[in-house]
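Below you'll find the structure, written out as structure tokens, and then a few comments.
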Amino acid sequence: MSAQMICSNASLGYEGGIVAEKLDFTINKGDYLCILGENGSGKSTLIKAILGLKPQVSGEIKWCGDVKKNEVGYLPQQTVVQKDFPASVREIVRSGCLAKCGLRPFYNKAEKELAESTMKQLEISGLAKRCYRELSGGQQQRVLLARALCATRKMLLLDEPVTGLDPKAQLELYELIAKLNREGITIIMVSHDIVSAVKYASHILHIGGRKQLFFGKKEDYVRSATGKLFIGSEMMENE
């Protein structure tokens, strides 16, 4: 296995407070890591640290192998403003290539072709000329996923990607993300959905009470005390 990111004894916080400490985990090429935890457990702060937007208080987050921190495609949680963005689908997908443009004020042929092939891959070519804000929630998430894929084909970081979607759209997006993972893209997904995490992920990182409750393969998570506790609670809530 080839490591792409190593988090060693990292403590995370803001405004002088620690939200999570002693985080130790490794992400290997092709992994599908699901980060679980309640609100306030440090998941959002960890995302910012992974993206290089906020330094950790202590410890180390090290990039290695074939990926750098600026080569992570990011799909953030959608805001009301983002959902109402007045641009065409093609314009939004192409904007994923902006980092490749450098100082060029336009997209070159290769970047335009990448956007078109990515829309075809995610089955949204027919929406290319549509206004983004006119789309359904599921369609909007596919557009943003296509944008992230234009930025990189190595690693995707997804923050609660199915929030607000109906069950059918949730399932379709989960299946699409799993397909991208099978094609070799490393997935890091932040989620509250423990049942789906166990179904699709290869590895689980569970954070709670300012500490790392579990990290390892999902099969081991299911058998662990932490897994049994939280999976059981989720099942009861869904009954």
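The values are calculated or read from the model by the stated rules, or taken from the named source; none is laboratory data. All values reported here derive from a predicted model rather than from experimental measurement. Glycine gets a Cβ as well: all are built from the backbone with ideal geometry, and neighbour counts include every protein chain shown.
Is it the case, given these coordinates, that residue 153 is under 17 Å from residue 31 (Cβ atoms) and of a type in the set (Lys, Arg)?
Details: under 17 Å from residue 31 (Cβ atoms): yes; of a type in the set (Lys, Arg): yes.
Considered against the rule, which asks whether it is under 17 Å from residue 31 (Cβ atoms) and of a type in the set (Lys, Arg), residue 153 comes out as yes.
Against the definition (modelled with pLDDT under 95, within 30 Å of residue 88 (Cα to Cα), of a type in the set (D, E, K, R) and touching a Ser or Thr at 6+ places or on another chain (Cβ under 9 Å)), how does residue 168 come out, yes or no?
Details: modelled with pLDDT under 95: yes; within 30 Å of residue 88 (Cα to Cα): yes; of a type in the set (D, E, K, R): yes; touching a Ser or Thr at 6+ places or on another chain (Cβ under 9 Å): no.
It is false that residue 168 is modelled with pLDDT under 95, within 30 Å of residue 88 (Cα to Cα), of a type in the set (D, E, K, R) and touching a Ser or Thr at 6+ places or on another chain (Cβ under 9 Å).
Could you pull out every one of the helices (runs of 4 or more DSSP H) wholly within the range 125-239 that has 2 or more residues that are closer than 19 Å to residue 37 by Cα and in contact with a helix residue (DSSP H, G or I) (Cβ under 8 Å, 6 or more places away or on another chain)? Let's see the steps before the verdict.
Working: elements: 137-151, 167-182, 194-200, 218-223, 225-238.
Of the helices (runs of 4 or more DSSP H) lying wholly inside the range 125-239, those with at least 2 residues that are closer than 19 Å to residue 37 by Cα and in contact with a helix residue (DSSP H, G or I) (Cβ under 8 Å, 6 or more places away or on another chain) span 194-200, 218-223, 225-238.
With the structure loaded, tell me whether residue 60 is in the same structural domain as residue 189 (by TED's automatic domain parsing), part of a strand (DSSP E or B), acidic (Asp, Glu) and crowded, with 18+ Cβ neighbours inside 10 Å or whether it fails that test. Outline the logic, then answer.
Values: in the same structural domain as residue 189 (by TED's automatic domain parsing): yes; part of a strand (DSSP E or B): yes; acidic (Asp, Glu): yes; crowded, with 18+ Cβ neighbours inside 10 Å: no.
When the stated conditions are applied, residue 60 does not pass them.
Condition (residue is surrounded by fewer than 22 Cβ atoms within 10 Å (Cβ to Cβ), of a type in the set (Asp, Glu) and touching a Phe, Trp or Tyr at 6+ places or on another chain (Cβ under 9 Å)) applied to the range 20-27: is it met by at least one residue?
Checked against the condition, which is being surrounded by fewer than 22 Cβ atoms within 10 Å (Cβ to Cβ), of a type in the set (Asp, Glu) and touching a Phe, Trp or Tyr at 6+ places or on another chain (Cβ under 9 Å), the range 20-27 yields at least one hit.
Which one of the conditions (1) out of contact with any Phe, Trp or Tyr (no Cβ under 8 Å at 6 or more places or on another chain); (2) free of Cβ contacts under 8 Å to residues at least 60 places away in the same chain; (3) more than 23 Å from residue 119 (Cβ to Cβ) does residue 69 fail to meet, given that it meets all the rest?
That leaves (1) as the condition not met.
Counting residues that are over 15 Å from residue 142 (Cβ atoms) and at pLDDT 85 or above, which helices (runs of 4 or more DSSP H) fully inside the range 65-122 reach at least 3? I'd like the intermediate steps shown before the answer.
Numbers: elements: 80-83, 89-94, 98-101, 109-121.
Ranges flagged: 109-121.
Table: residues versus (1) in contact (Cβ under 8 Å) with a residue 40 or more places away in the chain; (2) exposed (fewer than 15 other Cβ atoms within 10 Å of the Cβ).
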position	(1), (2)
97	yes, no
105	no, yes
115	no, no
130	yes, no
139	no, no
142	no, no
172	no, no
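From the list 208, 227, which one is modelled with pLDDT of 90 or more, surrounded by 19 or more Cβ atoms within 10 Å (Cβ to Cβ), of a type in the set (Gly, Ala, Ser) and farther than 16 Å from residue 159 by Cβ? Working first, answer last.
Details: 208 fails: surrounded by 19 or more Cβ atoms within 10 Å (Cβ to Cβ).
Step by step, each of 208, 227 is checked, and only 227 is modelled with pLDDT of 90 or more, surrounded by 19 or more Cβ atoms within 10 Å (Cβ to Cβ), of a type in the set (Gly, Ala, Ser) and farther than 16 Å from residue 159 by Cβ.
Taking residue 12, is it in a strand (DSSP E or B), within 20 Å of residue 162 (Cα to Cα) and assigned by TED's automatic domain parsing to the domain that holds residue 193?
Values: in a strand (DSSP E or B): yes; within 20 Å of residue 162 (Cα to Cα): no; assigned by TED's automatic domain parsing to the domain that holds residue 193: yes.
The answer is no for residue 12.
Quick check on my filter: what residues within the range 101-149 are touching a Lys or Arg at 6+ places or on another chain (Cβ under 7 Å), within 30 Å of residue 29 (Cα to Cα) and either among the small types (Gly, Ala, Ser) or assigned by TED's automatic domain parsing to the domain that holds residue 173 (or both)?
Hit for the range 101-149 is 115, nothing else.
Of 53, 33, 46, which residue is of a type outside the set (Asp, Glu) and part of a helix (DSSP H, G or I)? Explain how you work it out, then say what you get.
Values: 53 fails: part of a helix (DSSP H, G or I); 33 fails: part of a helix (DSSP H, G or I).
Checking each option against the conditions leaves just 46.
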